[in-house]
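A short write-up of the structure that comes next.
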Amino acid sequence: MSFARVYSAQTHLLKGKIVTVEVDITKNTLHAFTLVGLPDKAVDESKDRMSSALKNSGFASPKNQNQKIVISLSPADLKKEGPYFDLAIALAYLLSAEEIDFDPQGRIFLGELSLNGELQPIKGALPLAQEAKRLGYKEIFVPFANAEESALVEGITVYGARTLKEVIDHIYKVRRDKKGTPIEPERPKINPQPKTVIQLVSKTHDIDFSDIRGQEGAKRGLEIAAAGGHNIAMSGPPGTGKTMLARVFSHILPDLKTDEALEITGIHSVVGLLDDTLVTEAPFRAPHHTASYVSMIGGGANPKPGEVTLAHKGVLFLDEFPEFEKRVLESLRQPLEDNIVSISRARGSAIFPSNFILVAAMNPCPCGNKGNKQKACICKPNDLDRYTRKLSGPIMDRIDIWVTVGAVDYEKLSSTEQVGEKTKSVKERVAHARDIQAKRFKSANASARKINTNSEMNVKDLNIYAPLTPDLKQLLNQSAERLQLSARAYHRVIKLARTIADLEGSDSITTPHILEALQYRPRTTV
């Protein structure tokens, strides 16, 4: 045999893509070693890694023989990136050179080879295993460090190997005589990786909701935001607890469901940010205000996800909100409105999920002391005007809740008594409100568009799930005219009122719910 075909895979955007590795060898000719199929530098260098790994695993190096080797990675029009194919290339070469014999059908081989033949971990093992299972492959061989993650997928046998030699011994067909008697000893097999049990257990945190002194208005706003998936902005002087409130906010979000945990784990695995086998809590992303447009939204020559996608099903915390680059802030319009981000580049386009809760924190002015009774504001009128106009009307419109985080009385700060509710009790109320919404949207979720929280309702949904009495409509219309609300802000007030009603266990929206929702609209005009 001078031709062999083995199957591997790589990540493409946020999913797996099966890649066929073909090797053809022509013997007794001048040495040549070619790798085709749009490989990047990391893939092209696999020739050297594979050659050294084979030599150190007891086989002859392909570079020391007079033969022409052509390795093709198919589909040829897909850009091949990363060291995913080292193991498959090595096995395909050995099969083509008739140094080993095995059946590659129904098997996927993944892994980066060290020069001594050890298998190094790769990114995106979970989505790759999911794609292999979807296409009907029965077995997948991965580096041992990725075995537990890959075993999250049911319906496919996962083998975690530490070295190239382990994989060869497992798949090797033992030669037999005409009577079927083995003429060489059996080789050791790799034990299948047990299925990874998904355990979504709530973790304990150092900071509790009750540890934050005062700020009852901000806590109320955060509870509403968590219950309905609403975006929230906090404004106040430096040192009043805005950052601490934002971090505690992620602790009151409901526990992830299994499908959500797997989706988030897949995203973080592709990017290489997976710290554990499974992401069990809602992500909390807090990029610095110097973050670039591409790092926030995603992109690049070959589109990669950014912070808005890494925060999917979690929290995107933007501290010093107005200090972010104008282009970065304006790019948040689509993900805040549609819960997706669409990226188009010359080499292709991509749509990434970005269903997150935005938590923004900002000072009331450049010096931070505007409205502070204890310190005087030293900002000039031009500075105040310039600072206010850093946030455009469309961005402010997309934030449902605006709360003020004022200075806290020193007596409250020094008190050792527990003040306010524990995180656990607040989280239980939020979870109960989410359960109410899940039951309400159960019929709607049977359609193509899935609704999980009140913030995801459109105008048509509001007429069905958040109807207003004539008196409430009149109250809302008068208030909207006085506050000069846009159509978007008008509908967001109704969504917010629906969430407030859910927290109280009310079947219908009443006057207090509308009035409370209205008070969360921004007081600043732009």
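The values are calculated or read from the model by the stated rules, or taken from the named source; none is laboratory data. Note that this is a predicted model, so its numbers are computed, not measured. Methodologically, a virtual Cβ is constructed for each residue, glycine included, from the backbone with ideal geometry; neighbour enumeration extends over all protein chains shown. Note: accessible area is taken over every heavy atom of the protein model, side chains too, but ligands, DNA and RNA are not part of it. Shrake-Rupley method; radii C 1.70, N 1.55, O 1.52, S 1.80 Å.
Quick check: anything in the range 126-149 modelled with pLDDT of 95 or more, out of contact with any Gly (no Cβ under 9 Å at 6 or more places or on another chain) and among the aromatic types (Phe, Trp, Tyr)? No, the conditions are met nowhere in the range 126-149. Taking the numbered list (1) within 30 Å of VAL426 (Cα to Cα); (2) surrounded by fewer than 18 Cβ atoms within 10 Å (Cβ to Cβ); (3) touching a residue at least 24 places away in the same chain (Cβ under 8 Å) in turn, THR204 passes all entries but (3).
Residues that are under 19 Å from the mean Cα position of the chain (by Cα) and either under 30 Å from VAL197 (Cβ atoms) or aliphatic (A, V, I, L, M) (or both) within the range 213-245 comprise ALA226, GLY229, listed in sequence order.
Can you tell which of ALA97, ALA145 is more than 20 Å from VAL6 (Cβ to Cβ) and of a type outside the set (Asp, Glu)? Answer to the selection: ALA145. In the set LYS450, LYS460, only one residue is outside any helix (DSSP H, G or I), open to solvent by 50 Å² or more (accessible area, probe 1.4 Å) and basic (Lys, Arg); that residue is LYS450.
Of all the residues in the range 268-306, those that are open to solvent by less than 30 Å² (accessible area, probe 1.4 Å) and assigned to a helix (DSSP H, G or I) number 5. Cβ-Cβ distance below 9 Å, separation of 6 or more or different chains: which pairs start in the range 373-385 with a residue that is closer than 23 Å to GLY406 by Cβ and end on one that is among the polar types (S, T, N, Q) and surrounded by 14 or more Cβ atoms within 10 Å (Cβ to Cβ)? From the range 373-385, the pairs are LYS375/ASN369; ALA376/ASN369; CYS377/ASN369; ILE378/ASN369; CYS379/ASN369. Checking GLU184, GLU216 one by one, the residue that is open to solvent by 80 Å² or more (accessible area, probe 1.4 Å), out of contact with any Ser or Thr (no Cβ under 8 Å at 6 or more places or on another chain) and more than 26 Å from ASP86 (Cα to Cα) is GLU216 and no other. When the range 5-18 is filtered for residues that are of a type in the set (A, V, I, L, M, F, W, C), at pLDDT 95 or above and either touching a helix residue (DSSP H, G or I) at 6+ places or on another chain (Cβ under 6 Å) or crowded, with 21+ Cβ neighbours inside 10 Å (or both), the ones remaining, listed by number, are VAL6, ALA9. Here the range 103-119 is the region considered, the condition is being in contact with a Ser or Thr (Cβ under 7 Å, 6 or more places away or on another chain) and surrounded by 16 or more Cβ atoms within 10 Å (Cβ to Cβ), and the residue that is nearest to ALA145 (Cα to Cα) is LEU119.
The residues of the range 311-345 that are part of a strand (DSSP E or B) and open to solvent by 10 Å² or more (accessible area, probe 1.4 Å), listed by number, are ILE340, SER342, SER344, ARG345.
Residues that are crowded, with 22+ Cβ neighbours inside 10 Å, assigned to a loop (DSSP other than H, G, I, E, B) and at pLDDT 90 or above within the range 230-255 comprise HIS230, LEU253, listed in sequence order. Within this structure, ILE100 passes the test of being among the aliphatic types (A, V, I, L, M), surrounded by fewer than 24 Cβ atoms within 10 Å (Cβ to Cβ) and closer than 16 Å to HIS170 by Cβ. Just one of the listed residues (GLU154, GLU184, GLU131, GLU149) is out of contact with any helix residue (DSSP H, G or I) (no Cβ under 7 Å at 6 or more places or on another chain) and part of a helix (DSSP H, G or I), and it is GLU131.
Being more than 18 Å from the chain's Cα centre (by Cα) and surrounded by 24 or more Cβ atoms within 10 Å (Cβ to Cβ) is not true of ILE264. The one condition from (1) open to solvent by 70 Å² or more (accessible area, probe 1.4 Å); (2) without any contact (Cβ under 8 Å) to a residue 40 or more places away in the chain; (3) not aliphatic (A, V, I, L, M) that GLY136 does not meet is (1). Selection of the range 73-97 for residues being open to solvent by 10 Å² or more (accessible area, probe 1.4 Å) and under 38 Å from the mean Cα position of the chain (by Cα) yields SER74, PRO75, ALA76, ASP77, LEU78, LYS79, GLU81, GLY82, PRO83, TYR84. Report whether or not ALA433 is over 30 Å from SER392 (Cα atoms), modelled with pLDDT of 95 or more and either surrounded by 14 or more Cβ atoms within 10 Å (Cβ to Cβ) or not charged (D, E, K, R) (or both). Considered against the rule, which asks whether it is over 30 Å from SER392 (Cα atoms), modelled with pLDDT of 95 or more and either surrounded by 14 or more Cβ atoms within 10 Å (Cβ to Cβ) or not charged (D, E, K, R) (or both), ALA433 comes out as yes.
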